[in-house]
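Notes follow the structure.
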Amino acid sequence: MKKLLALFALLSVLLVAGCGAEESSGKDNSEGKESKKRIALVLPEKIGVNPFFQQMDEGAKKAAKEFGVEVKTIESTDHSAIEENLRVAVAENYDLIITSSFESEDALKKVAAENPDRKFAIIDTVVDLPNVQSVNFREYEAAYLLGAAAGLSTKTDKVGMVAAMDIPLLKKWTVAFEEGLKETNPDAEFLVNYVGSFTDPAKAKELAFLQASRGADFIAGAAAVGDLGVFEAAKEKGFYTAGQDVDRTDVDPEHVVLSQLKGTDAAAFETVKAFSEGSFKAGTVEYGLKDKGVGLTYVTHESKTPLNAFVGQEVIDKVKALQEEIISGKREIENPLNN
């Protein structure tokens, strides 16, 4: 009987010790989970509509995997849902909340002002608040290179651009493009028309037809979704064109011969990286050619699509020389918004 009691006592001690170890282990795991930084990416629309936002999602998730943080993407069904989604992210206690573009500006200004102790970031526009980091791009550097390439490539000395809206922001595309065009081809005529919307391919196509009728053999798209209309017009009328943000040359390699690039994936990656490493700060951060935040196919980034003969390697080599001058500081391209 004494032996049985002793055995029972020993088993009880072991059982209690085991439970204590489990509880301790569970507590450690819980603390580990709590210490893992949590980031919400609130997109102004659903993924799949615009490659611009898909890139951003990919960049944030790549950084999350590399730096051991949690990233949750919240897609907005429409622009009216952005504010609600930002508030959901606040309520769920995310450590950093990232959103993007001018569509989110008003909602972020309101939510960030109401939550001064929470950290926010917005990509591709500026919100001037002490708890917001604004991640901007020097699109004008890439637009300058695109204009320079167009000036060297055109055979008619007439080059066009179909832009979304006649607003100050778009000068980073139109003004810089014309400067690059005149740098390489002072005799070239620049034609520019405005769609009046970021989402009207039919109107953009109509304006591209108009510029083609005036002799333009290269017409750049800078109209967001409207670029699809410019691409259609190029195929029907036989002129050449360029896309925006991501490499669009695979859409129609015979006519879409260049793309002005914007590294929203790099911006999202660097924002998550900075936060995970503790170097995240409010204020404005800019990415340009030097940081590979912007670029041009065949010049700063390779493309799976073979280079079209309308442009040719000689043109690319000359534009690469201009790019190197900008990166080294020998050539400065001013932000048109500062003039």
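Sequentially through segment 242-258, phi angles give Karplus couplings (6.51, -1.76, 1.60; θ = phi - 60°) of 9, x, 10, 6, 10, 5, 9, 4, 6, 5, 7, x, 6, 10, 8, 9, 8 Hz, Gly and Pro residues having no value and appearing as x. Annotation: amide H-H contacts under 5 Å for Ile74 (H modelled 1.01 Å from N, sequence separation of 5 or more, or interchain): Leu41, Val42, Leu43. As I understand it, the value is the acute angle between the Cα axis of helix 2-35 and the longest principal axis of the Cα atoms of the chain; what does it come to in degrees, rounded to 10? Tilt relative to the chain: about 20 degrees. Once the Cα atoms are used to define both axes, helix 139-153 deviates from the longest principal axis of the chain by about 40 degrees.
If you sort the three axes of the alpha carbon gyration tensor as a ≥ b ≥ c, you get a/c of 1.5 or more for the chain and a/b above b/c, which makes it prolate. If you fit an axis through the alpha-carbon atoms of helix 264-277 and take the longest principal axis of the Cα set of the chain, what angle between them do you get, 0 to 90°, nearest 10? Between the helix axis and the principal axis of the chain, the angle is about 30 degrees.
Is the C-alpha gyration tensor of segment 287-327 telling us rounded, prolate or oblate? Criteria: a/c under 1.5 is rounded; beyond that, a/b larger than b/c is prolate, otherwise oblate.
Here segment 287-327 falls in the oblate category.
Residues whose amide H comes within less than 5 Å of that of Arg248, counting only those at least five positions distant or on another chain, are Gly243 (H built at 1.01 Å from N in the peptide plane).
For segment 155-234, the alpha carbon convex hull comes to 71 Å³ per residue, rounded to a whole number.
Surface composition of the chain: carbon and sulfur atoms hold 51% of the protein heavy-atom accessible area at a 1.4 Å probe. Take the alpha carbon gyration tensor of segment 45-106, find the square roots of its eigenvalues, order them as a ≥ b ≥ c, and report rounded if a/c is under 1.5; if not, report prolate when a/b exceeds b/c, else oblate. Note, shape of segment 45-106 comes out oblate.
Near Ala113, once Lys and Arg are set to +1 and Asp and Glu to -1 for all other residues with Cβ below 15 Å from its Cβ, the sum equals -1.
Each label was represented as a point 7 Å from its Cα along the Cα-to-Cβ direction; for Lys65 and Asp95 these points are 2.1 nm apart.
Phi-derived couplings, Karplus 6.51 cos²θ - 1.76 cosθ + 1.60 at θ = phi - 60°, listed residue by residue for segment 157-168: 6, 10, 10, x, 9, 9, 9, 5, 9, 7, 10, x Hz, with x used for Gly and Pro. With only the Cα atoms considered, segment 193-252 has a convex hull volume of 65 Å³ per residue. Taking Cβ atoms as reference points and 14 Å as the exclusive limit, the residues near Glu302 contribute a net charge of +1, counting Lys and Arg as +1 and Asp and Glu as -1. Taking amide H atoms as placed 1.01 Å from N in the peptide plane, the amide H of Val135 lies under 5 Å from those of Ile122, Ile123, Asp124, Thr125, Val285, each 5 or more residues away in sequence or on another chain. Shown in residue order for segment 191-196 are the 3J(HN,Hα) couplings computed by the Karplus curve 6.51 cos²θ - 1.76 cosθ + 1.60 at θ = phi - 60°: 10, 9, 9, 10, 6, x Hz (x for Gly and Pro). Summed over qualifying helices (DSSP H, 4 residues or more, each -39500 (n - 2.57)) and divided by its residue number, the chain shows a 222 nm mean residue ellipticity of -15000 deg cm²/dmol.
Of all DSSP beta bridges confined to segment 181-339, the antiparallel ones make up roughly 25%. Summing charges over all other residues whose Cβ lies under 9 Å from the Cβ of Leu152, with Lys and Arg as +1 and Asp and Glu as -1, gives 0. Distance from the Cα centroid of segment 279-339 to that of segment 52-77 is 25 Å (rounded to whole angstrom). Average accessible surface for the chain: 49 Å² per residue, computed with a 1.4 Å probe over protein heavy atoms with every protein chain in place.
The values are calculated or read from the model by the stated rules, or taken from the named source; none is laboratory data. Quick caveat, the model's predicted, so the values are computed rather than measured. All Cβ positions, even for glycine, are placed from backbone atoms using ideal geometry, and neighbour counts span all protein chains on display. With ligands, DNA and RNA removed, areas are computed over all heavy atoms of the protein, side chains included. Shrake-Rupley method; radii C 1.70, N 1.55, O 1.52, S 1.80 Å.
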